[in-house]
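Chemist: Please see the structure below; I have some questions.
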Amino acid sequence: MGVYQKGNAYYIDYYADGRRKRECIGPDKKLAETALKKRKVEIAEGRYLDIKRNEKIKFEEFAEQYLKLHSKINNRSWKNSDLHNLNILKRHFSGKYLYEITPVMIEKFKTERIKEVTPATVNRSLA
């Protein structure tokens with residue numbers, strides 16, 4: 001974390017939620033130092049980027065939105081491809097919120113699905 005100058009502007013550099021953030025503050029070094037302190041306080045209090053909260057949308061709701069807003073419009077064979085794949089994915093992920101689906105859960109799905117079909121079919125389902 002720190003304040004640095006690049007050209008005529010001062011920037012602040014800090015980490016929030018495990019990600020590096022950099023912001024251009026302006027030509028005043030004291031203002032940049034104050035802004036960095038403010039960000040540190042917001043991070044410590046858990047108020048930083050309160051806007052970015054996990055949306056509570058279930059997998060099956062998202063699947064229906066995907067079919068309606070994207071698949072039916074852009075893919076003539078949506079019933080054969082997307083609808084079929086989403087029904088398979090719903091068996092494994094229904095009832096879960098999107099933010100709850102982890103890479104481990106996806107790997108478990110892949111290992112269970114490979115017992116039924118070829119690995120290429122599993123990859124197409126996930127795509």
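The values are calculated or read from the model by the stated rules, or taken from the named source; none is laboratory data. Given the structure is predicted, the values throughout are model-derived calculations rather than measurements. Reconstructed Cβ throughout: ideal geometry from the backbone, glycine too, with neighbour counts over all protein chains shown.
Chemist: Can you tell which of 44, 127, 120 is over 30 Å from residue 14 (Cβ atoms) and either modelled with pLDDT under 85 or surrounded by 14 or more Cβ atoms within 10 Å (Cβ to Cβ) (or both)? Even if it seems obvious, please write down each step before you answer.
Modeler: On the way: 44 fails: over 30 Å from residue 14 (Cβ atoms); 120 fails: either modelled with pLDDT under 85 or surrounded by 14 or more Cβ atoms within 10 Å (Cβ to Cβ) (or both).
Within the list 44, 127, 120, the selection yields 127.
Chemist: Now a separate question. Sort out for me the helices (runs of 4 or more DSSP H) sitting completely within the range 48-127 that have 1 or more residues that are hydrophobic (A, V, I, L, M, F, W, C) and free of Cβ contacts under 8 Å to residues at least 24 places away in the same chain. Can you show your working first?
Modeler: On the way: elements: 59-66, 84-93, 103-114, 119-126.
Counting at least 1 such residues, we get 84-93, 103-114, 119-126.
Chemist: Would you confirm whether any residue within the range 81-94 is modelled with pLDDT under 90, over 26 Å from residue 111 (Cα atoms) and surrounded by 15 or more Cβ atoms within 10 Å (Cβ to Cβ)?
Modeler: No; the residues of the range 81-94 include none that is modelled with pLDDT under 90, over 26 Å from residue 111 (Cα atoms) and surrounded by 15 or more Cβ atoms within 10 Å (Cβ to Cβ).
Chemist: For residue 35, state whether it is surrounded by fewer than 13 Cβ atoms within 10 Å (Cβ to Cβ), closer than 30 Å to residue 4 by Cβ and among the aliphatic types (A, V, I, L, M). Before you say what the answer is, go through the steps one by one.
Modeler: On the way: surrounded by fewer than 13 Cβ atoms within 10 Å (Cβ to Cβ): no; closer than 30 Å to residue 4 by Cβ: yes; among the aliphatic types (A, V, I, L, M): yes.
No; evaluated as a whole, the condition is false for this residue.
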